[in-house]
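The values are calculated or read from the model by the stated rules, or taken from the named source; none is laboratory data. In this text the structure is predicted, and so the values were computed from the model without any measurement. All Cβ positions, glycine included, derive from the backbone under ideal geometry; neighbour counts span all protein chains shown.
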Amino acid sequence: MSGIERTQTRLAPRQQEWPATSSPAGVVPPVAEATRQTAPYDASWGSSAPGLADFVDGIRPYIQIARVDHWFKNAFMVLGVVLACFYEPALLSPASVLPLTVAVLATCLIASSNYVLNELLDGPRDRLHPVKRHRPVPSGRVRPVLGYMEWLAVGAAGLGLATAINPYFAASGLALWVAGLSYNVPPVRLKEWPYIDVLSESANNALRLLLGWFALITDRFPPVSLILSYWMLGAFFMAMKRFAEYRSIGDPVVAAAYRRSFRHYTEERLLVSVLFYATSCALFAGIFIVRYHLELILCVPFAAGLFAYYLTLGLRQDSPVQNPERLYRDRGFFAYLIIAFSVFVVLMFTEIPAMYGWFNVEQSNASPLWILGAGSGR
């Protein structure tokens, strides 16, 4: 072998080494390519804050069990606000924005405290549910001690804000928090009692009406007929949710293991209860309409349509009413809900004197509210 050939042989391997600063543009050195394909990814490469990502991942389950996405349910306060403005139009002013904002925040925190407790106590049974077993508590991503600390801290924050508004709002907020205890905590645990589970959970609707009302008015109580109607409306929604859950599980034995009240329920019994709640809601609403504002009778077809629409959704396989917080994704239902509520609000502030002659009803001049004490409207 000549000297030239020996030199080329010795240099050949070095020709495969690509200096980091002199690789041709767009060309990846073979060794670097192999390293890129086989080396495991390390999130810390090029990152200066791996601890922040770990912190976010650590607190995410605790945010999830607070069910911030369920805060939309506090929109049920709106009826109380509308009713307060109906009786005292002067409340329709910028001065009402701040107390309403604080009231909504307080209610959201109290509700989240209840949700945290619900998640913690339902964790063992949720492991038996085909979907809920992936939630933070049954999947083991929440430390119980920290969870209970969150429950108390969030509840205390909400009740503290409620106290700052006025005593009647604070009492209603406390009632909402205590309702969460009676619904979830043994040995009472009302969610395990058939029919009582629906009625106790839906009572939160009536409490939210009171929270909306007492955020603005502190010396009077809203009409009981409307409160009862609102309660039964919530019971209708809740019974449809129970029906959809029971039907989705598909096995009575599995359903009974997941929720004790399902030992008594059947699809037929749940549907009969749905009819009872809808009828009761209509009865109490009718009392309110005839006694206080007959113009709302024009809203009845829209309300009936809402019941029919929700019932249709509830009868679907894998019904969306199992997760009411996601119903906004059904654009048709959400649009209809907005239209129906808009008609209700418009009619609340509309007078049609001729209607009282058509239905042979006298306009009531009686005081529509219970007097709780002397004082201003705020």
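Only residues that are within 19 Å of Cys108 (Cα to Cα) and either among the small types (Gly, Ala, Ser) or in contact with a Gly (Cβ under 7 Å, 6 or more places away or on another chain) (or both) were counted across the stretch 210-258, and they come to 6.
The set of residues in the stretch 148-185 that are surrounded by fewer than 17 Cβ atoms within 10 Å (Cβ to Cβ) and either in contact (Cβ under 8 Å) with a residue 60 or more places away in the chain or of a type in the set (Ser, Thr, Tyr) (or both) comprises Tyr148, Thr163, Ala164, Leu181, Ser182, Val185. Residue count for the stretch 227-262, restricted to those that are β-branched (Val, Ile, Thr) and assigned by TED's automatic domain parsing to the domain that holds Val321: 1.
So which residues in the stretch 278-324 are closer than 23 Å to Tyr87 by Cα and exposed (fewer than 15 other Cβ atoms within 10 Å of the Cβ), if there are any at all?
Start the filter on the stretch 278-324 by keeping residues that are closer than 23 Å to Tyr87 by Cα, which leaves 281-300, 303.
Across the stretch 278-324, the qualifying residues are Leu283, Val300.
Taken together, Gly357, Gly305 contain a single residue that is modelled with pLDDT of 95 or more and either in a helix (DSSP H, G or I) or in contact with a Cys (Cβ under 6 Å, 6 or more places away or on another chain) (or both), which is Gly305. Of the residues Val116, Val104, the single one that is surrounded by fewer than 23 Cβ atoms within 10 Å (Cβ to Cβ), closer than 20 Å to Ser172 by Cα and modelled with pLDDT of 95 or more is Val104.
Residue pairs whose Cβ atoms lie under 6 Å apart, sitting 6 or more positions apart in sequence or on different chains, and linking a residue in the stretch 316-339 that is assigned by TED's automatic domain parsing to the domain that holds Ala304 and modelled with pLDDT of 90 or more to a partner that is part of a helix (DSSP H, G or I) and surrounded by fewer than 13 Cβ atoms within 10 Å (Cβ to Cβ), are Phe334/Tyr328.
I'd like to know if the stretch 253-263 contains one or more residues that are over 30 Å from Ala162 (Cα atoms), in contact with a Pro (Cβ under 7 Å, 6 or more places away or on another chain), crowded, with 22+ Cβ neighbours inside 10 Å and in contact (Cβ under 8 Å) with a residue 60 or more places away in the chain. The answer is no; no qualifying residue exists. For the stretch 190-209, filtered to residues that are more than 25 Å from Val104 (Cα to Cα) and either polar (S, T, N, Q) or in contact with a Leu (Cβ under 8 Å, 6 or more places away or on another chain) (or both), the residue that is surrounded by the most Cβ atoms within 10 Å (Cβ to Cβ) is Asp197.
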